[in-house]
């Protein structure tokens with residue numbers, strides 16, 4: 001991690017991805033944050049993180065040597081095992097509770113009040129780049145269950161109470177809110193959606 005004039009140059013290494021197949025300029029998700037590869041190495045890549053990105057994501061809390069979740073951009077036509085994620089972080093969440101739930105780990109996550117309306121029971125949410133299903137929603141937190149495989153292959157297994165995480169809400173919820181707030185005469189209303197099975 002190299003500070004450069006208020007920004008950050010980040011070098012990430014992982015032997016698990018075929019780096020020769022990537023190109024400079026490609027987007028790679030680091031803990032759910034879409035970053036651009038400016039240099040490619042045999043075992044990883046280098047990226048610049050802007051001051052804006054540091055201000056609005058949990059990347060500012062990274063330390064050298066920290067593990068991160070990595071995911072290259074998907075290509076159209078690939079299988080989608082989760083929900084559509086853009087890598088544009090909406091807010092920083094905080095792990096409020098962590099408890100065993102059979103073989104899984106159940107996490108309670110708090111998000112700022114203005115983002116709670118986008119999170120629904122059985123809906124999707126992205127935490128540090130991982131697509132997850134919301135189990136429960138309460139007044140100020142939502143719960144997700146982390147199966148053993150996810151805990152093993154992502155940094156979610158390392159989360160403790162107080163850990164700061166990058167949250168990206170479901171894109172569909174964002175666009176639906178925009179559609180419902182626009183008075184464009186399209187006839188799409190809450191009643192219309194409810195009548196067609198979206199209630």
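For segment 151-163, which positions are in contact (Cβ under 8 Å) with a residue 12 or more places away in the chain and either surrounded by fewer than 16 Cβ atoms within 10 Å (Cβ to Cβ) or under 18 Å from residue 71 (Cα atoms) (or both)?
Across segment 151-163, the qualifying residues are 151, 154, 155, 156, 157, 158, 160, 161, 162.
List the number of the failed condition for residue 66; all other conditions in (1) out of contact with any strand residue (DSSP E or B) (no Cβ under 7 Å at 6 or more places or on another chain); (2) at pLDDT 95 or above; (3) not in a loop (DSSP other than H, G, I, E, B) hold.
Every listed condition holds for residue 66 apart from (3).
Loosely packed, with under 12 Cβ neighbours inside 10 Å and in contact (Cβ under 8 Å) with a residue 24 or more places away in the chain, is that true of residue 6?
yes
Hey, residue 36 hits all of (1) surrounded by 18 or more Cβ atoms within 10 Å (Cβ to Cβ); (2) assigned to a strand (DSSP E or B) but one; which does it fall short on?
For residue 36, the exception is condition (1).
Could you grab the pairs with beta carbons closer than 7 Å, sequence gap of 6+ or different chains, first residue in segment 135-150 and in the same structural domain as residue 112 (by TED's automatic domain parsing), second one surrounded by 13 or more Cβ atoms within 10 Å (Cβ to Cβ) and part of a helix (DSSP H, G or I)?
146/156; 150/156
The values are calculated or read from the model by the stated rules, or taken from the named source; none is laboratory data. Predicted model only: the values in this text are computed from it and were never measured. All Cβ positions, glycine included, derive from the backbone under ideal geometry; neighbour counts span all protein chains shown.
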